[in-house]
Amino acid sequence: MASYYSNRMHGRRMSDGSRYHRDSLTCAHKSYPLGTMLKVTNLKNKKSVIVKVTDRCGSRRIIDLSYAAAKEIGMITAGVAMVRVEKYEEDRGIPYRREKQTELPELDFEITDKSNDYTPEWQRNDNKENEIEKDNGKETKNKKAKEPKRHNKKQ
């Protein structure tokens, strides 16, 4: 027999230290270790959901589900349902070896000359402007010459 958490539990701490959120797929179970993934199947309609054990429950029910998990298996209107609880293990699959080996290209690590300059374009343009300004006899980096500020005084 399974039930689900009321909305009053929303935001409260669980046994594993996390906070309960009604939209998360979590559950409370008596004996499974915290953090275990369980597959819960509603025996009436055969819907199932994968949940994570985050809390401990009392002695009356086998499992207490979060609101979202209860909604997934269709037990919201009844409030309680007969369920089957199984430990869930992900299918890892069988690793395989490719029949055809992919050939990697050979890389040439020879040091190239300095002519290939990999500086960004904005730095190259800035350096050229500075060189042009130095050639013109100006030592300022700005294109515009600094003019003294004039204050108009009203008499």
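Summary table below
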item: Residue satisfying all of: in region 10-30; within 16 Å of Ile76 (Cα to Cα) and either in contact (Cβ under 8 Å) with a residue 60 or more places away in the chain or not hydroxyl-bearing (Ser, Thr, Tyr) (or both); surrounded by the most Cβ atoms within 10 Å (Cβ to Cβ) among these; result: Cys27
item: Residue within region 31-45 that is at pLDDT below 90, of a type in the set (S, T, N, Q), surrounded by 14 or more Cβ atoms within 10 Å (Cβ to Cβ) and in a strand (DSSP E or B) present; result: no
item: In region 46-80, the residues that are among the basic types (Lys, Arg), at pLDDT 90 or above and closer than 22 Å to His10 by Cβ; result: Lys52, Lys71
item: Identity of the residue in region 14-30, in a loop (DSSP other than H, G, I, E, B) and of a type in the set (A, V, I, L, M), that ends up farthest from the chain's Cα centre (by Cα); result: Met14
item: Lone qualifier among Glu147, Glu133, Glu139 - being surrounded by 13 or more Cβ atoms within 10 Å (Cβ to Cβ), at pLDDT below 60 and acidic (Asp, Glu); result: Glu133
item: Qualifying residue in region 33-56 (condition: of a type in the set (Val, Ile, Thr) and in contact with a His (Cβ under 6 Å, 6 or more places away or on another chain)); result: yes
item: Single match in Gly11, Gly58 (criterion: part of a loop (DSSP other than H, G, I, E, B), on the phi > 0 side of the Ramachandran plot and not β-branched (Val, Ile, Thr)); result: Gly11
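The values are calculated or read from the model by the stated rules, or taken from the named source; none is laboratory data. All figures in this text were calculated on a predicted structure; none of them were measured in a lab. Reconstructed Cβ throughout: ideal geometry from the backbone, glycine too, with neighbour counts over all protein chains shown.
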